[in-house]
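What follows is a single structure, written as C-alpha cells, with notes after it.
Quick note: the coordinates plus some simple rules give every number you see, no bench work behind them. Everything numeric in this text was worked out from a predicted model, so none of it was measured. Every residue, glycine as well, gets a Cβ built from its backbone with ideal geometry; the counts of neighbours run over all protein chains shown.
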Amino acid sequence: MQQSFLTISPKTVGEKALRIHYMEEKPKNSKGLIIFLHGFPQFWYVWKPYLDHFSKKGFHVVAPDMRGFNDSDKPNTKSSYEMKYLINDVLELIRHCGYEKTIVVGHDWGGSVVWELAEHHPKKIEAAIVVNSPHRGAYAANIRKNPLLNLRQTLRSWYIYFFQLPILPELIMRCCNFAWLEHNFRSWAKNEKAFSNDDIERYKIALKKPGALTSTINYYRANTFGEFGMDVVRASMGKKQFGKISVPSLLLWGDQDPPLDRRLTDNMDGFFTATFKTVHISDGSHWILQEHFDRVCEEIERFIDDLNN
C-alpha cells in the first residue's frame, strides 16, 4: 500500500491549491476503481482492512483523507467544507486515478458525499454503496410523516447543534486527552472489541494535528444550516423535491446506531430508478465497518457481482 497526494487547483482567484492525501493499492490488471470515503471523526485508516481485502480481489482501491482530516490540507474558512467542494474533491480524484467512473463506498459524512455524487454525477459513478448515512430525501420524507420521529431524531442528533457553537466544541473534545472521542467509539459500539487501543490512539493523533479539530467540525458548521441541510428542512415542509438516483445503490445499516434512527431508512425505493438494495444488520451500531467486517465485505462483493452478471 502506498501513499500519494492529489493537488486540486483553485477554482477562484485568491484561493490556494488544495492537497488531498490518499492511500492506494493498484493491482497490475485492475478490475476497476473503488474509492472509500470515511466519516467523522475518522480518516483513511478506517478503510485499511477493506483496502487489503478488495485489492486482493483485483480492484484498484483508494482511500483519501477527506479535506480537513489527518494529512490532507485544512482550509481555514468554514465555507470550504460545503458539500459542493467535498463532491468536487472526489471527482478530481477519479480523474487523477485515470478512470471515467468508479464504485464509491462511504460511511457517515463520506456516505452523504456518495449520495450526492450518485444523484448529481451519475455518469461518474458505477455503483454507490453507503454505510449508516441517511439519504436526504428519505430523511425528510420520514420525519415529515412522523413528528415523533422528528423529535426523537433531533434529540439523538444533539451534538450536531452543539457543534454550531464556536470554540467550545473544540475545547470539550480536546479535554482529558480526547476522552470524548474514546467514549464515542466505546459507548456507541455494540462489540467491545470493535476498536483496539491502537485504533483509538491513531484517531486521536489525527485530530491533534494543527487545524484538524476545527476543520473536521466545520463539516457540521458549513452544512447543517447551509444549502445542504436547509434543503432537508424545505423537503420536510413539502417545498423541495430531491432528484432520483439512476445508478445501482446499496445501503448497509447497523440498526443499533445511537445517533441515527433506523426508521430514517424507510420507504427509500422511490428515490431510485436503478437497482436499490438495503441490508439491515440488527446487532450493528454506527461502527459496523469495525464490528462486522466480514459481513460488510460479503454484502459489497455480492452487490458488485450481481451488477456484472
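Semi-axes of the equivalent ellipsoid for segment 1-123, please: Cα gyration tensor eigenvalues, times 5, square-rooted, ordered largest first, whole Å. Intermediate results must be reported in sequence, preceding the final value.
Details: eigenvalues 104, 45, 41 Å².
Equivalent ellipsoid of segment 1-123: 23, 15, 14 Å, largest first.
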Can you compute the modelled spin-label distance between Lys56 and Thr154, with each label point 7 Å from Cα toward Cβ, in nm?
4.8 nm
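Could you please rank Val232, Val104, placing first whichever residue has the fewest other Cβ atoms within 10 Å of its Cβ? Don't skip to the end; give the middle numbers.
Numbers: Val232 18, Val104 29.
Least to most surrounded, the residues fall as Val232, Val104.
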Average projected area [Cα convex hull, segment 99-197], square nanometres
9.4 nm²
If you count, for each residue, the other Cβ atoms within 10 Å and average over each peptide, how do 151-164, 179-192 line up from highest to lowest?
179-192, 151-164
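I need the shape label for the chain. Rule: rounded when a/c is under 1.5, else prolate if a/b > b/c, else oblate, with a, b, c from the alpha carbon gyration tensor.
In terms of gyration-tensor shape, rounded.
Would you mind ranking Ile35, Ile125, Ile94, Ile205 by Cβ crowding within 10 Å, fewest neighbours first? Mind showing how you got there, number by number?
Working: Ile35 27, Ile125 24, Ile94 20, Ile205 13.
Ordered from fewest to most neighbouring Cβ atoms within 10 Å, Ile35, Ile125, Ile94, Ile205 come out as Ile205, Ile94, Ile125, Ile35.
Take the eigenvalues of the Cα gyration tensor for segment 175-309, scale each by 5, and report the square roots as semi-axes in whole Å, largest first. Walk me through the intermediate numbers first.
Working: eigenvalues 173, 110, 40 Å².
Taking √(5λ) for each eigenvalue gives 29, 23, 14 Å, largest first.
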Roughly how many whole Å is it from the C-alpha centroid of segment 249-309 to that of segment 199-222?
26 Å
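Among DSSP beta bridges whose residues both lie in the chain, state the antiparallel percentage, nearest 5.
Numbers: 11 of 35 bridges.
Beta bridges within the chain, antiparallel portion: roughly 30 percent.
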Using a basic spin-label model with each label point 7 Å from the Cα along Cα→Cβ, how many nm lie between Lys31 and Gln2?
2.3 nm
Quick P(r) readout (segment 100-154; Cα-Cα; 5 Å bins; whole %) gives 5, 20, 24, 18, 14, 10, 6, 2, 0
For segment 99-124 and segment 64-95, distance of Cα centres in Å:
14 Å
